[in-house]
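Notes to accompany the following structure.
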Amino acid sequence: MDLEAVSKRSAFHAKPQGLILQYGTAGFRTNAQHLDHIMFRMGLLAVLRSKQTKSTIGVMVTASHNPEEDNGVKLIDPLGEMLAPTWEEHATCLASAEEQDMPRVLTAIMEKEAVDPQQAAFVVIGKDTRPSSEKLSQSVIDGVTVLGGQFHDYGLLTTPQLHYMVYCRNSGGRYGKATIEGYCQKLSKAFVELTKQASCSGDENRSVKVDCANGIGALKLKEMEHYFSQGLLVQLFNDGTEGRLNHLCGADFVKSHQKPPQGMEMKSDERCCSFDGDADRIVYYYRDADGHFHLIDGDKIATLISSFLKDLLLEIGESLNMGVVQTAYANGSSTRYLEEVMKVPVYCTKTGVKHLHHKAQEFDIGVYFEANGHGTALFSEAVEVKIKRLAQELQDEKGKAAKMLASIIDLFNQATGDAISDMLVIEAILALKGLTVQQWDAIYVDLPNRQLKVKVADRRVISTTNAERQALTPPGLQEAINDLVKKYKLARAFVRPSGTEDIVRVYAEADSQVSWEQGRRNHSCVWNLTTAKGFFKIEIKIECTGTYIVNSYQTVPCCGFLRV
Ligand code: 16G
Ligand code: MG
(Lines give C-alpha, C1' and ligand atoms only; values in the text may rest on other atoms or scores of the structure.)
(Ligands and ions follow the chains in the order given, each with its own letter.)
Protein backbone atom coordinates (compact mmCIF):
# COMPACT_ATOMS: atom_id res chain seq x y z
CA MET A 1 0.00 0.00 0.00
CA ASP A 2 1.50 3.28 -1.12
CA LEU A 3 0.68 5.71 1.67
CA GLU A 4 2.49 8.52 -0.04
CA ALA A 5 0.26 8.20 -3.09
CA VAL A 6 -2.78 8.17 -0.78
CA SER A 7 -1.61 11.39 0.90
CA LYS A 8 -0.96 13.08 -2.42
CA ARG A 9 -4.31 12.12 -3.83
CA SER A 10 -6.08 13.04 -0.62
CA ALA A 11 -4.83 16.60 -1.03
CA PHE A 12 -7.23 16.88 -3.99
CA HIS A 13 -10.04 16.00 -1.59
CA ALA A 14 -8.77 17.95 1.39
CA LYS A 15 -10.77 17.91 4.57
CA PRO A 16 -11.89 21.33 5.79
CA GLN A 17 -10.03 21.78 9.04
CA GLY A 18 -12.04 21.12 12.17
CA LEU A 19 -15.00 19.60 10.32
CA ILE A 20 -16.18 16.55 12.25
CA LEU A 21 -18.90 14.37 10.83
CA GLN A 22 -20.21 11.11 12.22
CA TYR A 23 -21.23 7.91 10.49
CA GLY A 24 -24.83 7.95 11.74
CA THR A 25 -27.74 5.54 11.55
CA ALA A 26 -27.68 5.61 7.77
CA GLY A 27 -24.12 6.75 7.00
CA PHE A 28 -22.86 10.29 6.54
CA ARG A 29 -25.36 12.95 5.57
CA THR A 30 -24.96 16.69 5.29
CA ASN A 31 -24.80 19.53 2.79
CA ALA A 32 -23.10 18.20 -0.34
CA GLN A 33 -20.45 20.93 -0.19
CA HIS A 34 -18.88 19.32 2.87
CA LEU A 35 -18.67 15.80 1.56
CA ASP A 36 -15.84 15.55 -0.97
CA HIS A 37 -13.22 14.36 1.54
CA ILE A 38 -15.75 11.98 3.11
CA MET A 39 -16.41 10.36 -0.28
CA PHE A 40 -12.71 9.90 -1.04
CA ARG A 41 -12.10 8.41 2.38
CA MET A 42 -15.11 6.09 2.15
CA GLY A 43 -13.61 4.83 -1.11
CA LEU A 44 -10.45 4.01 0.87
CA LEU A 45 -12.40 2.39 3.68
CA ALA A 46 -14.48 0.30 1.29
CA VAL A 47 -11.24 -1.13 -0.11
CA LEU A 48 -10.05 -2.08 3.38
CA ARG A 49 -13.40 -3.67 4.24
CA SER A 50 -13.35 -5.57 0.95
CA LYS A 51 -9.86 -6.88 1.61
CA GLN A 52 -10.78 -7.89 5.15
CA THR A 53 -13.99 -9.70 4.21
CA LYS A 54 -12.58 -10.96 0.89
CA SER A 55 -15.89 -9.84 -0.60
CA THR A 56 -17.43 -7.14 -2.76
CA ILE A 57 -18.42 -4.04 -0.76
CA GLY A 58 -20.96 -1.41 -1.88
CA VAL A 59 -20.75 2.37 -1.62
CA MET A 60 -24.02 4.24 -2.13
CA VAL A 61 -24.05 7.99 -2.67
CA THR A 62 -27.40 9.29 -1.43
CA ALA A 63 -29.05 11.32 1.31
CA SER A 64 -32.39 9.53 1.04
CA HIS A 65 -35.23 11.87 2.06
CA ASN A 66 -33.02 14.87 2.85
CA PRO A 67 -33.38 18.00 0.72
CA GLU A 68 -31.71 18.16 -2.68
CA GLU A 69 -28.74 20.26 -1.54
CA ASP A 70 -27.68 17.53 0.90
CA ASN A 71 -25.94 14.33 0.04
CA GLY A 72 -24.47 11.38 1.88
CA VAL A 73 -22.79 8.02 1.66
CA LYS A 74 -23.11 4.62 3.20
CA LEU A 75 -21.20 1.38 2.88
CA ILE A 76 -22.85 -1.95 2.21
CA ASP A 77 -21.50 -5.15 3.76
CA PRO A 78 -21.08 -8.50 1.95
CA LEU A 79 -24.59 -9.91 2.41
CA GLY A 80 -26.13 -6.66 1.26
CA GLU A 81 -26.46 -5.52 4.87
CA MET A 82 -25.61 -2.26 6.56
CA LEU A 83 -21.99 -1.80 7.60
CA ALA A 84 -20.93 -3.59 10.81
CA PRO A 85 -20.91 -1.29 13.87
CA THR A 86 -17.13 -1.52 14.50
CA TRP A 87 -16.55 -0.34 10.94
CA GLU A 88 -18.98 2.53 11.45
CA GLU A 89 -16.58 3.68 14.15
CA HIS A 90 -13.65 3.33 11.78
CA ALA A 91 -15.59 5.38 9.24
CA THR A 92 -16.10 8.17 11.76
CA CYS A 93 -12.42 8.13 12.79
CA LEU A 94 -11.20 8.18 9.21
CA ALA A 95 -13.62 10.93 8.24
CA SER A 96 -12.63 13.06 11.23
CA ALA A 97 -8.83 12.74 10.89
CA GLU A 98 -7.13 15.97 9.89
CA GLU A 99 -5.35 15.78 6.53
CA GLN A 100 -1.86 15.03 7.92
CA ASP A 101 -3.17 12.31 10.29
CA MET A 102 -5.30 10.49 7.76
CA PRO A 103 -2.68 7.94 6.53
CA ARG A 104 -1.86 7.06 10.14
CA VAL A 105 -5.54 6.45 10.94
CA LEU A 106 -5.83 4.32 7.80
CA THR A 107 -2.88 2.19 8.90
CA ALA A 108 -4.30 1.87 12.41
CA ILE A 109 -7.58 0.51 11.02
CA MET A 110 -5.67 -1.98 8.88
CA GLU A 111 -3.72 -3.20 11.87
CA LYS A 112 -6.71 -3.40 14.15
CA GLU A 113 -8.74 -5.35 11.60
CA ALA A 114 -5.83 -7.49 10.39
CA VAL A 115 -6.32 -6.40 6.78
CA ASP A 116 -3.98 -8.15 4.36
CA PRO A 117 -2.65 -5.44 2.03
CA GLN A 118 -1.98 -8.03 -0.69
CA GLN A 119 -5.59 -9.18 -0.79
CA ALA A 120 -7.57 -8.04 -3.86
CA ALA A 121 -10.45 -5.61 -3.33
CA PHE A 122 -13.66 -5.00 -5.29
CA VAL A 123 -16.10 -2.17 -4.70
CA VAL A 124 -19.42 -1.44 -6.41
CA ILE A 125 -20.79 2.07 -6.50
CA GLY A 126 -24.26 3.53 -6.98
CA LYS A 127 -25.73 7.00 -6.79
CA ASP A 128 -29.09 8.76 -6.63
CA THR A 129 -30.29 11.60 -8.86
CA ARG A 130 -29.00 14.56 -6.82
CA PRO A 131 -27.03 17.08 -8.90
CA SER A 132 -24.04 16.59 -6.57
CA SER A 133 -24.02 12.79 -6.80
CA GLU A 134 -22.03 12.53 -10.02
CA LYS A 135 -18.99 14.42 -8.75
CA LEU A 136 -19.14 12.86 -5.31
CA SER A 137 -19.21 9.33 -6.71
CA GLN A 138 -16.10 10.18 -8.74
CA SER A 139 -14.40 11.04 -5.47
CA VAL A 140 -15.34 7.61 -4.11
CA ILE A 141 -13.79 6.04 -7.21
CA ASP A 142 -10.66 8.12 -6.67
CA GLY A 143 -10.35 6.68 -3.16
CA VAL A 144 -10.89 3.13 -4.36
CA THR A 145 -8.34 3.32 -7.17
CA VAL A 146 -5.57 5.00 -5.21
CA LEU A 147 -5.56 1.97 -2.91
CA GLY A 148 -5.46 -0.35 -5.92
CA GLY A 149 -9.06 -1.53 -5.56
CA GLN A 150 -11.08 -2.67 -8.57
CA PHE A 151 -14.56 -1.23 -8.99
CA HIS A 152 -17.75 -1.31 -10.96
CA ASP A 153 -19.78 1.88 -11.18
CA TYR A 154 -23.48 1.07 -11.60
CA GLY A 155 -24.30 4.76 -11.98
CA LEU A 156 -27.88 5.63 -11.08
CA LEU A 157 -29.47 3.04 -8.80
CA THR A 158 -31.92 2.98 -5.93
CA THR A 159 -30.23 2.22 -2.60
CA PRO A 160 -31.90 -1.23 -2.32
CA GLN A 161 -30.79 -2.10 -5.86
CA LEU A 162 -27.16 -1.58 -4.83
CA HIS A 163 -27.74 -3.73 -1.71
CA TYR A 164 -29.15 -6.38 -4.04
CA MET A 165 -26.12 -6.20 -6.38
CA VAL A 166 -23.71 -6.63 -3.46
CA TYR A 167 -25.64 -9.62 -2.14
CA CYS A 168 -25.78 -11.24 -5.60
CA ARG A 169 -22.06 -10.82 -6.16
CA ASN A 170 -21.17 -12.35 -2.79
CA SER A 171 -23.61 -15.25 -2.97
CA GLY A 172 -21.92 -16.67 -6.07
CA GLY A 173 -25.06 -16.08 -8.13
CA ARG A 174 -27.38 -17.95 -5.73
CA TYR A 175 -29.30 -14.80 -4.92
CA GLY A 176 -29.55 -13.60 -8.51
CA LYS A 177 -27.72 -11.84 -11.33
CA ALA A 178 -25.91 -8.66 -10.28
CA THR A 179 -27.25 -6.53 -13.12
CA ILE A 180 -30.22 -4.23 -13.43
CA GLU A 181 -31.75 -6.73 -15.90
CA GLY A 182 -31.17 -9.48 -13.34
CA TYR A 183 -33.01 -7.43 -10.71
CA CYS A 184 -35.93 -6.59 -13.03
CA GLN A 185 -36.23 -10.14 -14.29
CA LYS A 186 -36.14 -11.73 -10.87
CA LEU A 187 -38.81 -9.42 -9.47
CA SER A 188 -41.07 -9.39 -12.51
CA LYS A 189 -40.95 -13.16 -12.94
CA ALA A 190 -41.91 -13.64 -9.29
CA PHE A 191 -44.66 -11.02 -9.56
CA VAL A 192 -46.16 -12.50 -12.71
CA GLU A 193 -46.03 -16.06 -11.28
CA LEU A 194 -47.68 -14.90 -8.08
CA THR A 195 -50.46 -12.83 -9.59
CA LYS A 196 -51.35 -15.55 -12.11
CA GLN A 197 -53.22 -17.14 -9.23
CA ALA A 198 -55.38 -14.08 -8.60
CA SER A 199 -58.99 -14.65 -9.64
CA CYS A 200 -60.19 -11.05 -9.78
CA SER A 201 -58.02 -8.88 -11.91
CA GLY A 202 -60.09 -5.99 -13.20
CA ASP A 203 -57.94 -3.06 -14.34
CA GLU A 204 -59.41 -0.97 -11.59
CA ASN A 205 -57.92 -3.30 -9.00
CA ARG A 206 -54.55 -3.57 -10.56
CA SER A 207 -53.49 0.00 -10.94
CA VAL A 208 -51.51 2.06 -8.49
CA LYS A 209 -50.38 5.67 -8.42
CA VAL A 210 -46.82 6.23 -7.29
CA ASP A 211 -45.30 9.44 -5.98
CA CYS A 212 -41.59 9.00 -6.71
CA ALA A 213 -40.42 11.99 -4.60
CA ASN A 214 -38.83 13.39 -7.80
CA GLY A 215 -36.08 10.83 -7.26
CA ILE A 216 -34.39 7.73 -8.58
CA GLY A 217 -37.49 5.57 -7.99
CA ALA A 218 -39.13 7.14 -11.04
CA LEU A 219 -36.26 6.24 -13.39
CA LYS A 220 -36.08 2.71 -12.10
CA LEU A 221 -39.83 2.12 -12.26
CA LYS A 222 -39.82 3.37 -15.86
CA GLU A 223 -37.07 0.87 -16.65
CA MET A 224 -39.25 -1.90 -15.22
CA GLU A 225 -42.49 -0.83 -16.90
CA HIS A 226 -42.33 -3.18 -19.86
CA TYR A 227 -41.80 -6.17 -17.58
CA PHE A 228 -45.27 -5.65 -16.14
CA SER A 229 -47.13 -4.78 -19.30
CA GLN A 230 -50.13 -6.98 -18.48
CA GLY A 231 -49.76 -7.37 -14.74
CA LEU A 232 -50.01 -3.95 -13.20
CA LEU A 233 -50.64 -0.40 -14.32
CA VAL A 234 -48.23 1.93 -12.52
CA GLN A 235 -48.89 5.66 -12.88
CA LEU A 236 -45.93 7.80 -11.92
CA PHE A 237 -46.13 11.23 -10.28
CA ASN A 238 -43.32 13.49 -9.13
CA ASP A 239 -41.03 11.72 -11.55
CA GLY A 240 -38.33 14.39 -11.42
CA THR A 241 -39.18 16.09 -14.69
CA GLU A 242 -40.43 19.21 -12.90
CA GLY A 243 -40.26 19.31 -9.10
CA ARG A 244 -37.34 19.20 -6.73
CA LEU A 245 -36.24 16.03 -4.98
CA ASN A 246 -38.24 15.32 -1.79
CA HIS A 247 -39.83 18.77 -1.94
CA LEU A 248 -43.41 18.58 -0.61
CA CYS A 249 -43.54 14.95 -1.71
CA GLY A 250 -42.16 11.50 -0.98
CA ALA A 251 -42.73 8.97 1.80
CA ASP A 252 -41.17 11.06 4.54
CA PHE A 253 -43.31 14.10 3.71
CA VAL A 254 -46.50 12.04 3.53
CA LYS A 255 -45.81 10.14 6.75
CA SER A 256 -44.74 13.12 8.80
CA HIS A 257 -47.37 15.57 7.54
CA GLN A 258 -50.08 12.90 7.24
CA LYS A 259 -51.23 14.43 3.98
CA PRO A 260 -50.92 13.69 0.25
CA PRO A 261 -47.87 14.85 -1.67
CA GLN A 262 -48.12 17.78 -4.00
CA GLY A 263 -48.35 16.88 -7.65
CA MET A 264 -50.46 13.75 -7.23
CA GLU A 265 -54.01 13.58 -8.56
CA MET A 266 -55.99 11.51 -6.08
CA LYS A 267 -59.53 10.41 -6.77
CA SER A 268 -61.53 8.88 -3.98
CA ASP A 269 -60.64 5.30 -3.04
CA GLU A 270 -57.70 5.13 -5.42
CA ARG A 271 -54.65 3.25 -4.20
CA CYS A 272 -51.64 5.53 -3.97
CA CYS A 273 -48.15 5.19 -2.55
CA SER A 274 -45.04 7.27 -2.03
CA PHE A 275 -41.37 6.29 -2.24
CA ASP A 276 -38.65 8.30 -0.55
CA GLY A 277 -35.73 9.91 -2.42
CA ASP A 278 -33.64 6.73 -2.73
CA ALA A 279 -36.60 4.33 -2.90
CA ASP A 280 -35.97 2.29 0.23
CA ARG A 281 -39.16 3.41 1.97
CA ILE A 282 -42.81 3.14 0.99
CA VAL A 283 -46.14 4.21 2.48
CA TYR A 284 -49.62 3.77 1.00
CA TYR A 285 -52.67 6.03 1.31
CA TYR A 286 -56.04 6.91 -0.16
CA ARG A 287 -58.80 9.46 0.09
CA ASP A 288 -62.24 8.22 1.09
CA ALA A 289 -65.53 9.32 -0.47
CA ASP A 290 -65.74 12.19 2.04
CA GLY A 291 -62.34 13.45 1.00
CA HIS A 292 -60.57 12.29 4.18
CA PHE A 293 -56.98 11.20 3.82
CA HIS A 294 -55.97 7.78 5.20
CA LEU A 295 -52.34 6.78 5.66
CA ILE A 296 -51.32 3.12 5.56
CA ASP A 297 -47.87 3.00 7.08
CA GLY A 298 -45.17 0.39 7.61
CA ASP A 299 -47.08 -1.20 10.50
CA LYS A 300 -50.07 -2.01 8.31
CA ILE A 301 -47.76 -3.19 5.53
CA ALA A 302 -46.10 -5.60 8.00
CA THR A 303 -49.51 -6.84 9.11
CA LEU A 304 -50.69 -7.46 5.55
CA ILE A 305 -47.51 -9.32 4.67
CA SER A 306 -47.29 -11.43 7.79
CA SER A 307 -50.93 -12.45 7.68
CA PHE A 308 -50.51 -13.49 4.05
CA LEU A 309 -47.39 -15.53 4.85
CA LYS A 310 -49.03 -17.13 7.87
CA ASP A 311 -52.07 -18.20 5.83
CA LEU A 312 -49.82 -19.79 3.21
CA LEU A 313 -47.89 -21.71 5.87
CA LEU A 314 -51.15 -22.99 7.36
CA GLU A 315 -52.31 -24.07 3.92
CA ILE A 316 -49.06 -25.94 3.25
CA GLY A 317 -49.14 -27.40 6.75
CA GLU A 318 -45.69 -26.19 7.73
CA SER A 319 -45.15 -24.72 11.14
CA LEU A 320 -42.19 -22.46 10.70
CA ASN A 321 -40.91 -20.02 13.22
CA MET A 322 -42.15 -16.61 12.07
CA GLY A 323 -41.63 -13.32 13.89
CA VAL A 324 -42.41 -9.67 13.24
CA VAL A 325 -39.91 -6.98 14.20
CA GLN A 326 -40.94 -3.39 14.90
CA THR A 327 -39.56 -0.33 16.69
CA ALA A 328 -40.98 1.76 19.52
CA TYR A 329 -42.76 3.88 16.88
CA ALA A 330 -45.03 0.99 15.88
CA ASN A 331 -48.60 1.92 16.63
CA GLY A 332 -49.90 0.06 19.70
CA SER A 333 -52.87 -1.21 17.69
CA SER A 334 -50.59 -2.94 15.22
CA THR A 335 -48.64 -4.71 17.95
CA ARG A 336 -51.83 -5.81 19.67
CA TYR A 337 -53.35 -7.03 16.40
CA LEU A 338 -50.26 -9.05 15.52
CA GLU A 339 -49.92 -10.59 18.98
CA GLU A 340 -53.51 -11.08 20.01
CA VAL A 341 -55.41 -11.65 16.78
CA MET A 342 -52.77 -13.10 14.50
CA LYS A 343 -50.86 -14.81 17.33
CA VAL A 344 -47.52 -13.88 15.82
CA PRO A 345 -44.62 -13.05 18.16
CA VAL A 346 -43.56 -9.42 17.91
CA TYR A 347 -40.15 -8.02 18.86
CA CYS A 348 -39.05 -4.46 19.31
CA THR A 349 -35.61 -3.13 18.41
CA LYS A 350 -33.90 0.23 18.35
CA THR A 351 -34.65 2.59 15.45
CA GLY A 352 -32.62 2.00 12.29
CA VAL A 353 -32.83 -0.67 9.62
CA LYS A 354 -29.75 -2.57 10.76
CA HIS A 355 -31.27 -3.35 14.16
CA LEU A 356 -34.52 -4.68 12.72
CA HIS A 357 -32.73 -6.60 9.99
CA HIS A 358 -30.47 -8.43 12.43
CA LYS A 359 -33.34 -9.37 14.70
CA ALA A 360 -35.39 -10.63 11.75
CA GLN A 361 -32.52 -12.93 10.75
CA GLU A 362 -33.13 -14.97 13.91
CA PHE A 363 -36.33 -16.48 12.52
CA ASP A 364 -37.16 -18.97 9.77
CA ILE A 365 -39.27 -16.10 8.44
CA GLY A 366 -38.69 -12.63 9.84
CA VAL A 367 -40.88 -9.73 8.74
CA TYR A 368 -39.62 -6.30 9.74
CA PHE A 369 -40.99 -2.82 9.18
CA GLU A 370 -40.50 0.56 10.71
CA ALA A 371 -43.69 2.63 10.87
CA ASN A 372 -42.01 5.06 8.45
CA GLY A 373 -42.02 2.42 5.69
CA HIS A 374 -38.56 0.80 5.78
CA GLY A 375 -38.89 -2.95 5.71
CA THR A 376 -38.90 -6.36 4.07
CA ALA A 377 -39.19 -10.05 4.90
CA LEU A 378 -36.27 -12.44 5.37
CA PHE A 379 -36.33 -16.18 4.82
CA SER A 380 -33.59 -18.45 6.12
CA GLU A 381 -31.68 -20.32 3.42
CA ALA A 382 -33.01 -23.64 4.73
CA VAL A 383 -36.60 -22.40 4.51
CA GLU A 384 -36.09 -21.11 1.00
CA VAL A 385 -34.72 -24.47 -0.16
CA LYS A 386 -37.51 -26.37 1.59
CA ILE A 387 -40.33 -24.20 0.18
CA LYS A 388 -38.93 -24.41 -3.34
CA ARG A 389 -38.76 -28.18 -3.01
CA LEU A 390 -42.34 -28.35 -1.69
CA ALA A 391 -43.47 -26.17 -4.58
CA GLN A 392 -42.26 -28.93 -6.93
CA GLU A 393 -43.53 -31.87 -4.90
CA LEU A 394 -46.90 -30.89 -3.48
CA GLN A 395 -50.13 -31.07 -5.45
CA ASP A 396 -53.51 -29.33 -5.37
CA GLU A 397 -54.15 -26.54 -2.86
CA LYS A 398 -51.00 -27.29 -0.88
CA GLY A 399 -48.92 -27.17 -4.04
CA LYS A 400 -50.53 -23.91 -5.08
CA ALA A 401 -49.75 -22.34 -1.69
CA ALA A 402 -46.16 -23.60 -1.82
CA LYS A 403 -45.71 -22.13 -5.31
CA MET A 404 -47.06 -18.79 -4.13
CA LEU A 405 -44.71 -18.81 -1.16
CA ALA A 406 -41.78 -19.73 -3.41
CA SER A 407 -42.61 -16.79 -5.70
CA ILE A 408 -43.06 -14.28 -2.92
CA ILE A 409 -39.67 -15.24 -1.49
CA ASP A 410 -38.16 -14.14 -4.81
CA LEU A 411 -40.23 -10.97 -4.87
CA PHE A 412 -38.81 -9.63 -1.61
CA ASN A 413 -35.48 -7.88 -1.65
CA GLN A 414 -33.89 -9.78 1.21
CA ALA A 415 -30.82 -7.59 1.26
CA THR A 416 -32.81 -4.63 2.60
CA GLY A 417 -36.20 -2.90 2.47
CA ASP A 418 -36.99 -1.86 -1.10
CA ALA A 419 -39.88 0.38 -2.14
CA ILE A 420 -40.19 -1.19 -5.62
CA SER A 421 -40.11 -4.76 -4.35
CA ASP A 422 -42.41 -3.96 -1.40
CA MET A 423 -44.88 -2.28 -3.73
CA LEU A 424 -44.99 -5.36 -5.94
CA VAL A 425 -45.43 -7.62 -2.90
CA ILE A 426 -48.31 -5.48 -1.63
CA GLU A 427 -49.97 -5.24 -5.04
CA ALA A 428 -49.71 -9.00 -5.46
CA ILE A 429 -51.16 -9.74 -2.01
CA LEU A 430 -54.05 -7.31 -2.49
CA ALA A 431 -54.83 -8.89 -5.86
CA LEU A 432 -54.61 -12.43 -4.51
CA LYS A 433 -56.74 -11.68 -1.49
CA GLY A 434 -59.13 -9.53 -3.51
CA LEU A 435 -58.71 -6.72 -0.97
CA THR A 436 -59.41 -3.06 -1.65
CA VAL A 437 -57.24 -0.44 -0.06
CA GLN A 438 -60.06 0.40 2.38
CA GLN A 439 -60.44 -3.22 3.45
CA TRP A 440 -56.72 -3.40 4.06
CA ASP A 441 -56.84 -0.19 6.08
CA ALA A 442 -59.70 -1.55 8.17
CA ILE A 443 -57.67 -4.50 9.53
CA TYR A 444 -57.25 -2.44 12.72
CA VAL A 445 -57.65 1.18 13.74
CA ASP A 446 -54.51 3.10 14.62
CA LEU A 447 -54.32 4.69 18.05
CA PRO A 448 -54.15 8.49 17.79
CA ASN A 449 -50.53 9.52 18.09
CA ARG A 450 -48.22 12.46 17.81
CA GLN A 451 -44.56 12.68 17.10
CA LEU A 452 -42.46 15.78 17.22
CA LYS A 453 -38.89 16.90 17.22
CA VAL A 454 -37.41 19.37 19.61
CA LYS A 455 -34.08 21.11 19.50
CA VAL A 456 -32.28 20.97 22.81
CA ALA A 457 -28.89 22.12 24.02
CA ASP A 458 -27.41 18.63 24.21
CA ARG A 459 -29.43 15.62 23.10
CA ARG A 460 -26.94 13.22 24.71
CA VAL A 461 -28.41 14.13 28.10
CA ILE A 462 -31.09 11.58 27.24
CA SER A 463 -30.04 7.96 27.12
CA THR A 464 -32.43 5.05 26.69
CA THR A 465 -32.83 1.33 27.22
CA ASN A 466 -35.37 -1.39 26.37
CA ALA A 467 -35.29 -0.67 22.62
CA GLU A 468 -35.46 3.07 23.28
CA ARG A 469 -38.78 2.77 25.07
CA GLN A 470 -37.42 3.82 28.45
CA ALA A 471 -35.20 6.72 29.41
CA LEU A 472 -32.24 5.92 31.68
CA THR A 473 -31.11 9.51 32.02
CA PRO A 474 -31.72 12.18 33.07
CA PRO A 475 -32.71 10.62 36.39
CA GLY A 476 -36.40 10.88 37.15
CA LEU A 477 -37.51 11.31 33.55
CA GLN A 478 -38.85 7.78 33.08
CA GLU A 479 -40.69 7.79 36.41
CA ALA A 480 -42.39 11.01 35.42
CA ILE A 481 -43.39 9.63 32.03
CA ASN A 482 -44.76 6.52 33.77
CA ASP A 483 -46.82 8.67 36.14
CA LEU A 484 -48.19 10.58 33.23
CA VAL A 485 -49.14 7.75 30.90
CA LYS A 486 -50.74 5.58 33.55
CA LYS A 487 -53.55 8.13 33.77
CA TYR A 488 -54.67 7.39 30.20
CA LYS A 489 -56.04 4.31 28.56
CA LEU A 490 -53.66 2.48 26.20
CA ALA A 491 -51.22 5.35 26.59
CA ARG A 492 -47.55 5.11 25.72
CA ALA A 493 -44.92 7.79 25.45
CA PHE A 494 -41.16 7.90 25.04
CA VAL A 495 -38.37 10.34 24.42
CA ARG A 496 -35.16 9.48 22.53
CA PRO A 497 -32.28 11.33 20.95
CA SER A 498 -32.33 11.13 17.14
CA GLY A 499 -29.55 9.17 15.45
CA THR A 500 -29.70 11.31 12.32
CA GLU A 501 -30.40 14.89 13.40
CA ASP A 502 -29.32 17.06 16.28
CA ILE A 503 -32.70 16.86 17.98
CA VAL A 504 -34.75 14.88 20.49
CA ARG A 505 -37.83 13.00 19.29
CA VAL A 506 -40.94 12.65 21.44
CA TYR A 507 -43.71 10.15 20.74
CA ALA A 508 -47.03 9.64 22.48
CA GLU A 509 -50.19 7.69 21.78
CA ALA A 510 -53.42 6.90 23.61
CA ASP A 511 -56.82 5.46 22.90
CA SER A 512 -58.60 8.53 21.63
CA GLN A 513 -58.08 12.12 20.67
CA VAL A 514 -59.97 15.37 20.82
CA SER A 515 -58.45 18.46 19.40
CA TRP A 516 -57.13 21.22 21.56
CA GLU A 517 -59.03 23.79 19.52
CA GLN A 518 -62.32 22.22 20.48
CA GLY A 519 -61.64 23.42 23.97
CA ARG A 520 -62.98 20.25 25.52
CA ARG A 521 -60.02 19.51 27.68
CA ASN A 522 -60.87 19.27 31.29
CA HIS A 523 -57.56 18.58 32.83
CA SER A 524 -53.94 18.49 32.02
CA CYS A 525 -50.78 17.09 33.45
CA VAL A 526 -47.52 18.91 33.43
CA TRP A 527 -44.31 17.35 34.47
CA ASN A 528 -40.97 18.99 34.43
CA LEU A 529 -37.53 18.15 35.52
CA THR A 530 -34.27 19.86 36.00
CA THR A 531 -31.21 17.65 36.08
CA ALA A 532 -28.81 17.62 38.98
CA LYS A 533 -26.56 19.94 37.02
CA GLY A 534 -29.54 22.19 36.49
CA PHE A 535 -28.91 22.75 32.79
CA PHE A 536 -31.62 20.73 31.18
CA LYS A 537 -35.31 20.79 31.71
CA ILE A 538 -38.06 18.78 30.12
CA GLU A 539 -41.69 19.53 30.40
CA ILE A 540 -44.16 16.98 29.13
CA LYS A 541 -47.71 18.13 28.97
CA ILE A 542 -50.50 15.87 27.91
CA GLU A 543 -53.80 17.63 27.49
CA CYS A 544 -56.78 15.38 27.76
CA THR A 545 -60.51 15.11 28.10
CA GLY A 546 -62.39 13.13 30.67
CA THR A 547 -62.29 10.18 28.29
CA TYR A 548 -58.52 9.88 28.62
CA ILE A 549 -57.22 11.54 25.56
CA VAL A 550 -53.74 12.45 24.49
CA ASN A 551 -54.43 15.33 22.27
CA SER A 552 -52.19 18.25 21.85
CA TYR A 553 -48.52 18.89 21.93
CA GLN A 554 -46.88 22.23 21.75
CA THR A 555 -43.24 22.88 21.40
CA VAL A 556 -41.64 25.86 22.97
CA PRO A 557 -37.96 25.22 22.55
CA CYS A 558 -35.97 27.73 24.49
CA CYS A 559 -32.38 27.30 25.63
CA GLY A 560 -32.53 23.62 26.41
CA PHE A 561 -36.17 23.44 27.43
CA LEU A 562 -38.44 20.88 25.90
CA ARG A 563 -42.13 21.24 26.33
CA VAL A 564 -44.49 18.73 24.82
C1 16G B 1 -32.58 6.60 9.01
C2 16G B 1 -32.75 5.11 9.12
C3 16G B 1 -34.17 4.75 9.51
C4 16G B 1 -34.63 5.51 10.73
C5 16G B 1 -34.44 7.00 10.51
C6 16G B 1 -34.80 7.87 11.72
C7 16G B 1 -31.69 3.41 7.71
C8 16G B 1 -31.44 2.94 6.32
N9 16G B 1 -32.43 4.49 7.82
O10 16G B 1 -33.26 7.11 7.91
O11 16G B 1 -34.22 3.37 9.70
O12 16G B 1 -35.98 5.26 11.01
O13 16G B 1 -33.07 7.21 10.20
O14 16G B 1 -33.81 7.85 12.68
O15 16G B 1 -31.23 2.84 8.68
P16 16G B 1 -33.77 8.88 13.90
O17 16G B 1 -35.14 8.90 14.53
O18 16G B 1 -32.74 8.28 14.82
O19 16G B 1 -33.40 10.23 13.38
MG1 MG C 1 -34.29 6.27 2.11
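The values are calculated or read from the model by the stated rules, or taken from the named source; none is laboratory data. Nothing here was measured: the structure is a model prediction, and the numbers come from that model. Every residue, glycine as well, gets a Cβ built from its backbone with ideal geometry; the counts of neighbours run over all protein chains shown. All accessible areas refer to the heavy atoms of the entire protein, side chains included, with ligands and DNA or RNA removed. Shrake-Rupley method; radii C 1.70, N 1.55, O 1.52, S 1.80 Å.
If you take all other residues with their beta carbon under 13 Å from the beta carbon of Gly243, and give Lys and Arg +1 and Asp and Glu -1, the sum is -3. Computed in the context of the full set of protein chains, the accessible area of the chain at 1.4 Å probe radius has 49% of its extent on carbon or sulfur.
Counting heavy atoms of the protein chains only and a 1.4 Å probe, report the per residue accessible area for the chain as a whole number of Å².
Working: 22850 Å² over 564 residues.
Accessible area per residue: 41 Å².
The stretch 108-170 to the stretch 243-300: how many Å between their Cα centroids? When both Cα centres are located, 33 Å separates them.
Let me check I've understood the local charge: for Glu68, count other residues with C-beta under 11 angstrom from its C-beta, Lys and Arg +1, Asp and Glu -1. What total comes out?
Its environment carries a net charge of -1.
Taken about its Cα centre, the chain carries a charge dipole of roughly 960 debye when the Cβ of each Lys and Arg holds +1 and the Cβ of each Asp and Glu holds -1. Divide the volume of the convex hull around the Cα atoms of the chain by the residue count and you get 152 Å³ per residue. Estimated at 0.36 nm per residue, the fully extended path between Arg174 and Ser55 surpasses their Cα-Cα distance by 41.3 nm.
What is the sum of charges around Ile282, taking Lys and Arg as +1, Asp and Glu as -1, for the other residues whose C-beta is under 9 Å from the C-beta of Ile282? Could the numbers behind the result be given before it?
Numbers: positive: Arg281; negative: Asp276, Asp280, Asp418, Asp422.
So the environment of Ile282 carries a net charge of -3.
Please identify the GluC sites (Glu not before Pro) of the stretch 400-502 that satisfy two criteria: DSSP loop assignment and at most 15 other Cβ atoms within 10 Å. Which are they? Don't jump to the answer; show the numbers that get you there.
Values: sites: Glu427, Glu468, Glu479, Glu501; in loops: Glu468, Glu501.
Those satisfying the criteria are Glu501.
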